[in-house]
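K.L.:
Take a look at the following structure, please.
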Amino acid sequence: MHDRGLNCRVTHNWVYAAGRACDVLSLHPSRQMLEDRRRRMSMKLQTPYKHDLATNQVAETLAKDGVIFFSEATPEKLTTLLADWTQPYPHPHESSLGLTIIDSDRTESDNAKGFSRAALGLHTDRAQESEQPTIVACLYTSPGNTGGESLILDGKSLIRALERRQLLAYSDNLVLLARRRRWLTIAKQVHGPHSAFRIRYRDDNIAHPYGATAEAARALVAVTQELEFPQIYAFNAGEGYIIHNQRILHGRTSFTGHRVAIRILATISTSSQYCFLNQGFTIDADDANR
């Protein structure tokens, strides 16, 4: 399918810039076609503990660990991996539905820092929106020259820190302030069939954290202290990560040279058994006491 001269591929609901002629899948592929495509689309997947994963274990691992890492990837492989169990999350900077080409030479009127070579503090994507994307996938196609390491922090550590300091009860007043938007809770407990927590955070010209009471101000101190200890990863071309965006915060160090990354934002399809991740993440007793 061609759109305004751009070579595109349709993969269920995903459309992305492929940079080559279109190859629209048959509506009724044979089993052999599916097997051939699966082999062609294979990429290496690992847990944070460097255990290898099969493609059908990705959502399960995100529910458990919040992040997976991949290598030997292309945009086509990544969108194929996501196609069966996610839906694109539209957003203003997208290059095609749910997908953004983050090019350090690209100019954006807002959120310009994200398209620069500057460091980015830990954040969740689209934190200023009432409904954040559940999934963020980032594939590096050109890693730049020096710097640009990725920062990853499990939001469970924020909940644990608030629990240890007996401040979680005041977290409703620990909020994110954004232009022309209502206050949004940074560490929100979601009640329902799956009692869960939902993290949102950013601290820049678009939104910033605020403790609306004395107790919430203390909670903000606890949160910012935890943000000082992310895991640091260096990715080469064809490598990257998939994270649960309502749990895992990410950022980067500054870098030199020309860098290009493909970012995909998504929610989990309601037909998936893991759609509960759209509501946040769970913490059991062992988690809370670590």
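FYI, it's all coordinate maths here, none of it is from the lab. Being a predicted model, the structure only gives us computed values, none of them experimental. As a convention, Cβ positions derive from the backbone with ideal geometry for all residues, glycine included, and neighbour counts pool all protein chains shown.
K.L.:
Please label the shape of segment 117-246 as rounded, prolate or oblate, based on the square roots a ≥ b ≥ c of the eigenvalues of the alpha-carbon gyration tensor (a/c under 1.5 means rounded; beyond that, a/b larger than b/c means prolate, else oblate).
P.N.:
Verdict is prolate for segment 117-246.
K.L.:
Let me ask another. What does the highest-first list of 130-142, 254-266 look like by mean Cβ count within 10 Å?
P.N.:
130-142, 254-266
K.L.:
Here's a follow-up. For Q87, what charge total do you get from the other residues with a beta carbon under 14 Å from its beta carbon, if Lys and Arg give +1 and Asp and Glu give -1?
P.N.:
Details: positive: none; negative: D84, E94, E131.
Charge balance near Q87 sits at -3.
K.L.:
Taking the mean number of other Cβ atoms within 10 Å as a proxy for protection, how do you rank 99-106, 269-276, 54-61, 81-88 from highest to lowest?
P.N.:
Result, highest mean first: 81-88, 99-106, 54-61, 269-276.
K.L.:
Now a separate question. Apply the a/c threshold of 1.5 to the C-alpha gyration tensor of segment 41-179 and tell me whether it is rounded, prolate or oblate.
P.N.:
Oblate.
K.L.:
Distance cut-off 21 Å, Cα to Cα: go down the list K50/K113; K50/K188; K77/K113; K64/K188; K44/K77 and report the pairs above it. Display every interim value, and only then the final one.
P.N.:
Numbers: K50/K113 32 Å; K50/K188 30 Å; K77/K113 28 Å; K64/K188 19 Å; K44/K77 11 Å.
From K50/K113; K50/K188; K77/K113; K64/K188; K44/K77, over 21 Å: K50/K113; K50/K188; K77/K113.
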